[in-house]
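Written below as structure tokens is the structure these notes are about.
Where a number appears in this text, it was derived from the coordinates with a stated rule and is not lab data. Here the structure is a predicted model, which means the values were calculated and not measured. In this analysis, Cβ positions are derived from the backbone assuming ideal geometry, glycine residues included, and neighbour counts consider all displayed protein chains.
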Ligand SMILES: Cc1cc2nc3c(=O)[nH]c(=O)nc-3n(C[C@H](O)[C@H](O)[C@H](O)COP(=O)(O)OP(=O)(O)OC[C@H]3O[C@@H](n4cnc5c(N)ncnc54)[C@H](O)[C@@H]3O)c2cc1C
């Protein structure tokens, strides 16, 4: 049905895009939300899918379901492959005749997120999986569990199968390392007969000199102690120089080379902006930084294109006072606050009001967990560690998880695993992609 209403196209149903669409609920606009997936993923918990603590459906929710009551929101599944800024069109690759769909907009909001960067070694991507996408988290789960299965089948060759290397000691790397250590220690222990899962080695490799480098002291030191208590070996000052199917090569702090035989490598090192940042920059003559982030104006618009807003992990924002591009932390609250701000900009535009003041990020703090009932938190200058930090983390994550059902289910699963040390989702479903010992030896 044709309409003269303002047309808003939002690209990306992650934290930024989802919040922007919600912020438009009472605005006189027809909104089209485009994502390559049919669900919103709560990325902060994807590592728990990768370690069998939660099921994929616990942390993802169909976008169509989220917006079922927002009648003026249309959800389309497709991959954005281009922006035609002069024609005010977004180009999608989608399941339509010809394979391409063009969507016209009056205002465009782009929130395409980020991807893990492999420091120019894209060939490592196949071996060292990340846990950013749901598919990849499920595959990581399969690889971790498969490694224990192969060790049980080949007790004389268990060493490399029971060695797990996590690259990058930011929150995701710390959480992954802690969870793998606990999976073996608490959950798998006692279920194997020919190997002892507790003999696993979990190595956390980090180029910097501390874990959780973005957290204030003394939280990195406390996190390091908690990890060591869990049996994680910290390899600080070590840089990964090569990743192979059965080994990782490192440069040690003194510059010498070393090699670790390991069948399972998990990548949690640096991120780069979504390719959409570059596409927008090229289409609009804007700048991107070394990590591929698009520099947007203080009001989040693409320079020279007030009708295009970009936000979340894929942007840095020009400070209205200094004129410098500011890189905000790659966190969900940043993307959500920017999504809400984009909603206010669009509402003001449609109502003919002045634009809101430039975007300002309100830092509410950072949190990370280190296994069961341990964590660190830095909130408004206050620092917490151990159980209190973990409890805060738990409440915040339950609060922000999308969907009442998911909140109840996740709370129930966490209570169950807290009491029993069990994990409810330990199925190997991506086994076809896994190498067998014979194949990878060759
Ligand atoms: C493992 C992990 C753990 C994290 N833990 C925390 C945490 O504890 N706390 C915290 O605050 N933050 C955490 N983060 C960071 C947080 O998830 C991000 O900062 C946040 O998701 C950024 O939101 P966004 O909207 O910019 O991008 P995203 O949430 O990544 O959303 C991007 C969306 O765009 C879609 N998309 C991408 N490209 C296309 C395309 N070409 N066509 C169509 N759709 C496309 C994607 O499918 C996705 O839905 C974590 C991130 C990861 C990966």
Checklist entry - If you go through the range 259-269 one residue at a time, do you hit one that is without any contact (Cβ under 8 Å) to a residue 24 or more places away in the chain and under 30 Å from residue 229 (Cβ atoms)? => result yes
Checklist outcome for this item: Matching residues in the range 1-26 (more than 6 Å from the ligand (Cβ to nearest atom), in a loop (DSSP other than H, G, I, E, B) and touching a strand residue (DSSP E or B) at 6+ places or on another chain (Cβ under 8 Å)) number 3
Next on the checklist: Consider the range 84-101. How many of its residues are within 22 Å of residue 5 (Cβ to Cβ) and within 14 Å of the ligand (Cβ to nearest atom)?
Outcome noted: 3
Item to check | Scan of the range 218-233 for residues that are in contact (Cβ under 8 Å) with a residue 60 or more places away in the chain and part of a loop (DSSP other than H, G, I, E, B), ordered by number | outcome: 218, 230
Checklist entry - Out of (1) more than 16 Å from the ligand (Cβ to nearest atom); (2) touching a residue at least 40 places away in the same chain (Cβ under 8 Å), the odd one out for residue 308 is which? => result (1)
Checklist entry - So which residues in the range 27-39 are surrounded by fewer than 24 Cβ atoms within 10 Å (Cβ to Cβ) and either near the ligand (Cβ under 10 Å from one of its atoms) or over 22 Å from residue 90 (Cα atoms) (or both)? => result 36, 37, 38, 39
Next on the checklist: Condition (residue is under 23 Å from residue 157 (Cα atoms) and in contact (Cβ under 8 Å) with a residue 24 or more places away in the chain) applied to the range 204-217: is it met by at least one residue?
Outcome noted: yes
